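Read-outs: derived from the displayed coordinates by stated rules, not from any lab. All figures in this text were calculated on a predicted structure; none of them were measured in a lab. With ideal geometry, Cβ positions are generated from the backbone for all residues, glycine too; neighbour counts draw on all protein chains shown.
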Amino acid sequence: MPMPQRDTSTRKITNLLNIVKTSIKNIKDGFAPGLPQPKPQAIPTMSPQPAPSGTSGSDLDLFGIRCIYKSKPDGRVVTNPDIRFFTRRYRSGKANDPTVECTLDPKTPITNQECTAIIKMNGMIHPDTIDWKMRGGRHSSDNGGKDGTCYSLEIMSDGSQGKYLEVERPHPSMHSCTKFCKPLFKLPDISNAKFGWKGIVINSADNKSVHIESWVNLTPDDQSKWQKYIDVIDIGQLPQGLILQCMGPRATIRIDGMKGHPEFTNVSMREITL
């Protein structure tokens with residue numbers, strides 16, 4: 001039996017109303033039926049960048065080596081060492097030694113200085129000191145030995161602690177300072193090691209005393225591993241000490257009695273400030 005026309009019209013209207021309601025709900029829910037939905041996009045983030053080395057305000061020098069003291073504004077930096085290998089003939093008459101001197105020479109003195117080197121040792125004939133000779137000049141007896149006057153910061157190649165600071169005044173007279181400071185940690189044998197070494201001399205603000213520090217890094221590829229080896233303030237108590245002004249412009253690493261030639265990299269002298 002055919003359905004009455006009125007019932008058919010009512011059903012069509014009801015269906016249309018349901019479609020409209022569904023569409024309104026979909027719009028409120030944020031999507032339209034039958035359309036592909038975009039995938040959520042990740043918001044890009046910036047990774048933190050390392051601070052550039054060798055720039056003003058950085059705690060690294062131009063080689064990427066940690067600075068202990070800040071550089072003096074517009075201060076000088078010297079990075080061109082003169083390295084000489086030769087045979088040393090001692091006045092005392094002891095046996096000749098193969099030796100090396102690695103010298104930084106700014107030509108005019110830098111009073112407050114932080115001197116740095118990475119050294120690769122290649123064996124020793126006998127244990128000996130490795131020296132940073134600082135605030136000196138030509139290492140000789142010229143000018144009555146005055147030019148050779150310097151603070152001599154030392155580490156022993158075999159890790160012993162017999163010497164770690166001397167004053168050379170006048171050259172070649174060495175005056176031990178072992179009574180006035182002690183190493184802050186024990187070194188291993190470094191006769192075949194690669195290590196970083198710093199010598200620091202800086203006057204107090206009133207220019208009446210000299211702060212002397214030595215720092216060692218036994219794993220020089222990691223700049224967090226620098227350790228202070230000695231720390232002493234010279235107020236005149238050191239024998240023949242209190243070198244308030246440079247006797248010459250040079251700073252020299254000296255090694256006697258080595259078997260193979262040591263290798264020097266990242267050598268520098270920076271003018272520093274408190």
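Odds and ends about this structure:
- FRET efficiency, Lys70 to Asn96 (Cβ-Cβ, R0 51 Å, nearest 0.05): 0.75
- Going from the fewest other Cβ atoms within 10 Å to the most, the residues Ser209, Ser92, Ser152 appear in the order Ser92, Ser209, Ser152.
- Length gained when the stretch Leu274-Thr111 is fully extended (0.36 nm per residue, less Cα-Cα span): 57.4 nm
- By the count of neighbouring beta-carbon atoms within 10 Å, fewest first, Asp222, Asp147 end up ordered Asp222, Asp147.
- In this structure, Lys225 and His175 have a Cβ-Cβ separation that, at R0 = 25 Å, corresponds to a calculated FRET efficiency of about 0.20.
- C-alpha center-to-center spacing [segment 192-248, segment 105-129] in angstrom: 12 Å
- For the pair Leu244 and Lys182, a Förster radius of 35 Å applied to the C-beta separation gives a FRET efficiency near 0.90, rounded to the nearest 0.05.
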